[in-house]
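I have placed the structure first, in the form of structure tokens, so that the comments after it can refer back to it.
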Amino acid sequence: MQKTVVILGAGWAGLPLAHKLLKYTTPKVPKLKVILVSPNSHFFWNVAASRAILPKQIPDDQVFIPIQPAFERYAQENFEFILGRAENVDLQASTVTLVIATGSRLAGNTPFKLLGSHETTITAWHKMREQVEHAKSIIISGAGPTGVEFAGELAALYGSSKTITLIISGDEPLEGALAVRVTNTEEVAPAGPVEVTLTDGSTIKADMYVPFHGAKVNSAFIPDELLDPTGSIKVDKSLKVENTRNLWAIGDVGNAEPKQLTPYRPMEKKMLFIALGKKLASGHIGSWRLFGLIVSYVKGRKLFVDTAEGYVQGKHLRHAAM
Ligand SMILES: Cc1cc2nc3c(=O)[nH]c(=O)nc-3n(C[C@H](O)[C@H](O)[C@H](O)COP(=O)(O)OP(=O)(O)OC[C@H]3O[C@@H](n4cnc5c(N)ncnc54)[C@H](O)[C@@H]3O)c2cc1C
């Protein structure tokens, strides 16, 4: 009997899962059919977004990589790619195994994550790049890893020729989100100057505003009873959706970190690598602060762009067993 696994979303979690099933499970279950559904035809190497968005740094085709050719080596009867978006989940129809990997997007629709189709994302991406190039002053709100990296990349490329303002919530960056009010728009990179009001009532003006606080989970099509109050899908320790039979949620959309299909264990030591341009970097593993040079060598030089093609091709699968 044919077994079908439908994976919704071809991002960091869904795409390698499809490769793993095709590579390691089909030899044992020859009638397995993997259906990968994604509204975007290209995988987005957003780990490098903070540098790739700057003019003439990283070519677009190194960060937006076509998905379908990466699956051409598998037998046609085992794989199907559907360019489309899930609109609804019927919990009663349990004929397939469904894996939800629809991820998240950023507040303000900053195109550092996919915005839907490839065309929508790349249009917003090019518009933002043009605005970065021409803005004399840029306000970045949200000093988490992405906001800090983007500020660092801007500073490394433009030095003092642009005024970069990074709004942070505490005394230091990377402490958490913050409350800012943008008076004339919530959009990224509005045309014309923007005025940002801080929680103390003071205001700052700039040519461009980029919000990096708040990620929104792509779970609007999931029945409410499966979601926690943040909109994330409630999963158990094996990433199975709570109180369902054949439904799984992996990656950002679930309320646990993605792991293998073994009981989920939170990481004991938190790790963070922050690139600040090609030469400077910072990071820690647990309470160990790393030498910037090491972080720069591992991440900052290339932002792993040299491994992107292989990732999309399924060549860097870390765990074989499924
Ligand atoms: C700039 C930036 C840098 C980052 N750097 C790092 C890093 O260095 N290390 C790290 O660990 N994390 C990093 N992250 C976080 C990382 O990007 C996310 O954790 C990761 O994208 C989550 O993967 P995912 O597969 O769950 O979701 P996503 O990568 O968001 O993929 C979701 C997929 O689902 C699709 N989709 C959405 N809605 C539907 C639908 N209704 N039906 C079907 N498909 C749908 C999307 O189009 C997409 O293909 C970074 C994030 C940003 C913004």
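Numerical summary
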{"item": "Placed amide H near I139: partners under 5 Å, 5+ positions off or other chain", "result": "T165, M208, Y209, V210"}
{"item": "Rounded to 10°, Cα long-axis angle of helix 145-158 versus longest principal axis of the chain", "result": "50 degrees"}
{"item": "Ranked T199, T26, T307, criterion: other C-beta atoms within 10 Å, fewest first", "result": "T199, T307, T26"}
{"item": "Helix 118-134 vs. the chain, principal-axis angle (Cα, 0 to 90°, nearest 10)", "result": "10 degrees"}
{"item": "Set of lysines with alpha-carbon distance to K205 below 18 Å, sequence-local pairs under 8 removed", "result": "K136, K162"}
{"item": "The chain, helix-only ellipticity at 222 nm - DSSP H runs n ≥ 4, -39,500 (n - 2.57), divided by all residues, nearest 500", "result": "-4500 deg cm²/dmol"}
{"item": "Stretch gain in nm, segment A220-K240, where the contour uses 0.36 nm per residue and the Cα spacing is subtracted", "result": "5.3 nm"}
{"item": "DSSP beta bridge pairing in the chain, given as percent antiparallel to the nearest 5", "result": "45 percent"}
{"item": "Residue order, fewest to most beta carbons within 10 Å, for S160, S282, S219", "result": "S160, S282, S219"}
{"item": "Flagged links, alpha-carbon separation over 20 Å, of K279/K302; K23/K234; K3/K28", "result": "K23/K234"}
{"item": "Taking N as its residue count, the alpha carbon Rg of the chain over 2.2 N^0.38 Å", "result": "1.05"}
{"item": "Gain on full stretching of the segment that runs from L317 to L272 - 0.36 nm per residue minus C-alpha separation", "result": "14.0 nm"}
{"item": "Other-chain or far-sequence residues with amide H under 5 Å of L106's (modelled H)", "result": "K113, K216"}
{"item": "Span from the the range 64-107 Cα centroid across to the the range 214-259 one, whole angstrom", "result": "16 Å"}
{"item": "Förster-model FRET efficiency, 41 Å R0, D200 and D60, C-beta, rounded to 0.05", "result": "0.55"}
{"item": "Cβ-Cβ FRET estimate between A155 and D228, R0 fixed at 41 Å, reported to 0.05", "result": "0.65"}
{"item": "Taking the chain and dividing mean pair separation by its residue count, relative contact order in percent (alpha carbons under 8 Å, at least six apart)", "result": "19 percent"}
{"item": "Calculated FRET value between L91 and T4, using beta carbons and R₀ = 22 Å, to 0.05", "result": "0.85"}
{"item": "Mean Cβ count within 10 Å, highest first, over the residues of peptides 94-103, 12-21, 114-123", "result": "12-21, 94-103, 114-123"}
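Read-outs: derived from the displayed coordinates by stated rules, not from any lab. Worth saying up front: this structure is predicted, and the values here are computed from it rather than measured. Note: ideal-geometry Cβ built from the backbone for every residue, glycine included; neighbour counts use all protein chains shown.
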